[in-house]
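Below is one structure; the comments refer to it alone.
Here, each number is a calculation from the coordinates, and none is a lab measurement. No experiment lies behind these values; they were computed from the predicted model shown. Cβ sites come from the backbone with ideal geometry, for glycine too, and all protein chains shown count toward neighbours.
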Amino acid sequence: MKLYMHPASTTSRAVRLYIAEKGLKVEEVVVDLFTGAHHQEPYVTVNPNRLVPTLEDDGMRLTESATILRYLAEKHGLPEYPADIRKHARINEIIDWANSNFYRDWGYNLCYPQLFPHHKRASEEAQRAVVQWGLERSRFWLQVLNDHFLGDGRAYLTGNEITVADYFLSSIIAVGEMIRFDLAQYPRVDAWFGRMKALKSWGPVGEVADGFAASLAGQAFVNNRG
Ligand SMILES: N[C@@H](CCC(=O)N[C@@H](CS)C(=O)NCC(=O)O)C(=O)O
């Protein structure tokens, strides 16, 4: 198996974290997002979306990090995506919530336009509006995560067992560290995120992203700190 990825990428991080934690045998191929390798051959044929990650397994190419996580768990018969249909449904619910509600506002409206030049809007006014929208909506989603999904004091997103949904959402939430978003305002989210950060592979897998975050220490960001 081969994983096309970038070590600073949010969505690659989830898959790489799971692979590292479970000790799966997967060869990593770096696609350099910073030099635009994802917009050039051979990668545009591998993944016409021009996004990472992509998994290659015995002639099959799979895009979408959440799908890759579920495929890896099912292929290896791992407990993080159990066969029980109710458990399945809860995991899928969180993944769909994360992909269609949270990530759009958190990643593409709040964080990425502030972090990556090619996500920055063309005018100051448009940039301000999109980031402000992202901030307000992200606050709302985080409150839902805190009060509803984690509201009963469970350790992980779907209960007391860790699942692929935890790997997926925690890696998305981690990008907020780059803009110094204060998760402590959402105590249950903060505690759950702390549990994910305590995984033995969290530090090594996040090394490049953490280095990038450290390089931004002097930069001002719109976040929930003021
Ligand atoms: N829905 C996709 C999203 C993948 C995605 O957003 N990848 C980002 C890195 S985190 C990317 O490749 N960005 C390239 C770019 O912004 O040009 C997934 O979950 O795999």
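Taken over the chain, lysine pairs spaced eight or more positions apart, or on distinct chains, with alpha carbons under 21 Å apart number 10.
Only alpha carbons enter this Debye calculation for the range 2-75, each as an equal point scatterer, and the log10 of I(q)/I(0) it gives at q = 0.14, 0.18, 0.23 Å⁻¹ is -0.38, -0.63, -1.03.
Figure legend: label point modelled 7 angstrom from the Cα of K120 along Cα→Cβ; residues of the range 1-45 with amide N under 19 Å from it are 33-36. Here the gap between A217 and D57, fully extended at 0.36 nm per residue and compared with their Cα-Cα distance, gives a gain of 53.7 nm. Put simply, when 121-133, 42-54 are sorted by average Cβ atoms within 10 angstrom per residue, most first, you get 42-54, 121-133.
In terms of its C-alpha gyration tensor, the range 1-129 comes out oblate, because a/c is 1.5 or above while a/b does not outweigh b/c. Rounded, prolate or oblate: which one fits the chain, using the alpha carbon gyration tensor with axes a ≥ b ≥ c (rounded when a/c is under 1.5, else prolate when a/b beats b/c, else oblate)? In terms of gyration-tensor shape, oblate.
In terms of the mean number of neighbouring beta-carbon atoms within 10 Å, the peptides 214-224, 143-153 order highest first as 143-153, 214-224.
So what is the relative contact order of the chain, in percent, for Cα pairs below 8 Å that sit 6 or more residues apart?
Reported as a whole number, the value is 24 percent.
This ranking places R180, R16 by how few other beta-carbon atoms lie within 10 Å of each, fewest first, which gives R180, R16.
Per-residue ellipticity at 222 nm from helix content only, as computed over the chain with -39500 (n - 2.57) for each DSSP H run of at least four residues, stands at -13000 deg cm²/dmol. With contacts taken as Cα pairs under 8 Å at a separation of at least 6 residues, the range 85-215 carries a relative contact order of 26 percent.
Please give the contour-minus-distance gain from D210 to K2: 0.36 nm per residue of separation, less the Cα-Cα distance, rounded to one decimal in nm.
Working: separation 208, 0.36 × 208 = 74.88 nm, distance 2.41 nm.
The span from D210 to K2 would gain 72.5 nm if fully extended.
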